[in-house]
């Protein structure tokens, strides 16, 4: 018992540890990894720290600080700091050991993100940072999910083993309600197996869906971070442009040229206007290194909204909104703002893009706004680069659409013939009235008709909706592989479980059937032994067993129960083995003492059979001890009555008496069939149960056939008690 308890405790402890491990792994697998700092944030931090050092040309101290920052991180690929005055590299780091050196500024050389270095409102340099790519999923998270699955299936297998262990113990226990090999046992095992398969399928489904949810959560974070990066870049662009235009428009030369242009515009002095216009282009050309050149499209307006100067047709006076919330009114209020993007297509080369424009107030020396400068955003790395720089993966991109859901930015997969992107819809289209509204992850069709995950964000300053998107097929590729793996495991486990369970039940039933047949054979032989001792014929056992079977069947008893009754019937007089031979074989009338001993044979039989957990032996025990009890309570050995007598014994009583009456004995002749039937009928409500007597009467044709079929071949001396 102690060993059993120790084994049970070990199993319980192991299961509890498995559950705890699964919970911990599940929690760890569902947690999102800490977001890595973006290239923009790193570049911005170096810019803030290094602005004073670059301005004071303290390059040694700058190198120490930046190197310390690099050593504390493992994701920096390269860092390059450029001095705007000398156009030279003052600091360079590369993960692969290459030294970045060049003369002059090259917009296509650096990768990653660039940020301006500004000191006291003056642009003095730039810093470029490149980080390692951020994967949508991490290997550690994969291992967590794999560990979770392994623990889950180990727990399921342990549960299955515990169930079968419990069933085995139940089948071997002394008080088992479900014997091994019985139909109930088979149904119970099949129910447990079905429950196990259902549990594994449901568990597998939840694991698959949890994995999908984790992937979608990470994708949502990544897509939202892309939009956030764009917002940070545009804010940085706004601050940088403010610094550049502040230096340019506050110069005495620009102030003079602007006043002359305003005067020439109103006085129609074309020569003066042309001279000052060319001088304005020369002033702008000095900021060529910042992307502002004589070729840039710009528009200068006075406070009344009249055009003072203009270059290019990309931005015209018709494109300027002058309503209360417009960029024009914002500039007159002293705020630098962006204009909603205008979609353009260059004829040569055929490049499709959407330009963004910037509005900046022109101040006079007294701090009054005297005009507004509209200009296309310079396309250099630390100010603004095409929106395609936010593309990621095989299909990820960032696009912008207007109020009509028409894409106004360039896209990664434009229509080849028109370089057009078309329309794209999202639920945020109906909520654009909410400033800076951030959408959640959606699964929609993109402008190509491909199913894509998107996150939308309404930008009130641009009057557009930004959409960060990626094809669902690319996102869910690993999920589908994971799903197929889990399904394969479930199929293999379920198939193995079904096969082994059915094969085990088959072998168990085969062995159990052999055991039952062996038990039945032994019981019949013991019954014959008792009858032979009492000088009754062997056919008596056969006939009365069939009589009992017929009565029980016609009475509506369960088929399996009837079979048990048929096989237990031969044991009804097994107790006569305990009665001395001189009493059993006495030809004359028994004395009072002898009769007392004879009446004890039901108790002897019950003690011979004993208390068993086997259904057959339990029924044989009931029959042996109660087949001489009477319906009215005048029987022996206990004088019980009516339903107190087991129904098996009540049926055997009729079958036994009827065959004894119709069989010839040494001390009597056989009764006729009709006389025996009349006696059985007359004893209804006295010796026999009335309803069983009625069933007996209905069964007479079948009983007659049995009596005719199994006739005694010779007579023997028998004494019927």
### Task
Using R₀ = 22 Å, calculate the FRET efficiency as 1/(1 + (r/R₀)^6) where r is the Cβ-Cβ separation of residue 251 and residue 303; round to 0.05.
0.60
### Query
Relative to the present Cα-Cα distance, how much length would full extension add between residue 405 and residue 267 at 0.36 nm per residue of separation?
45.2 nm
### Query
Hey, what's the Cα Rg ratio for segment 551-627 versus the globular rule of thumb, 2.2 N^0.38 Å?
1.29
### Query
How high is the FRET efficiency between residue 704 and residue 594 when r is their beta carbon distance and R₀ equals 30 Å, given to the nearest 0.05?
0.25
### Message
With 10 angstrom as the radius, rank 542, 202 by how many other C-beta atoms surround their C-beta, starting from the fewest.
### Response
202, 542
## Note on the structure
Expressed as a whole-number percentage, the relative contact order of segment 534-709 with C-alpha contacts under 8 angstrom and at least six residues apart is 23 percent
### Message
What FRET efficiency comes out for residue 59 versus residue 235 if R0 is 25 angstrom and r is the Cβ-Cβ distance? Round to the nearest 0.05.
### Response
0.30
### Query
In whole Å, how far is the Cα centre of segment 550-571 from that of segment 256-276?
123 Å
### Query
How many nm is it between the label spots at residue 641 and residue 691, if each spot is 7 Å from the Cα in line with the beta carbon?
1.8 nm
### Nitroxide proxy distance, nm - points 7 Å out along Cα→Cβ at residue 389 and residue 71
3.1 nm
### Query
Stretched out fully, how many nm does the piece from residue 492 to residue 45 gain, at 0.36 nm a residue minus the Cα gap?
155.5 nm
### Summary
Going from the fewest other Cβ atoms within 10 Å to the most, one would list 296, 663, 265, 495 as 495, 265, 296, 663
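The numbers here are math on the coordinates, done by the rules we state, and not lab data. In this text, all values refer to a predicted model and were calculated from it rather than measured experimentally. Every residue, glycine as well, gets a Cβ built from its backbone with ideal geometry; the counts of neighbours run over all protein chains shown.
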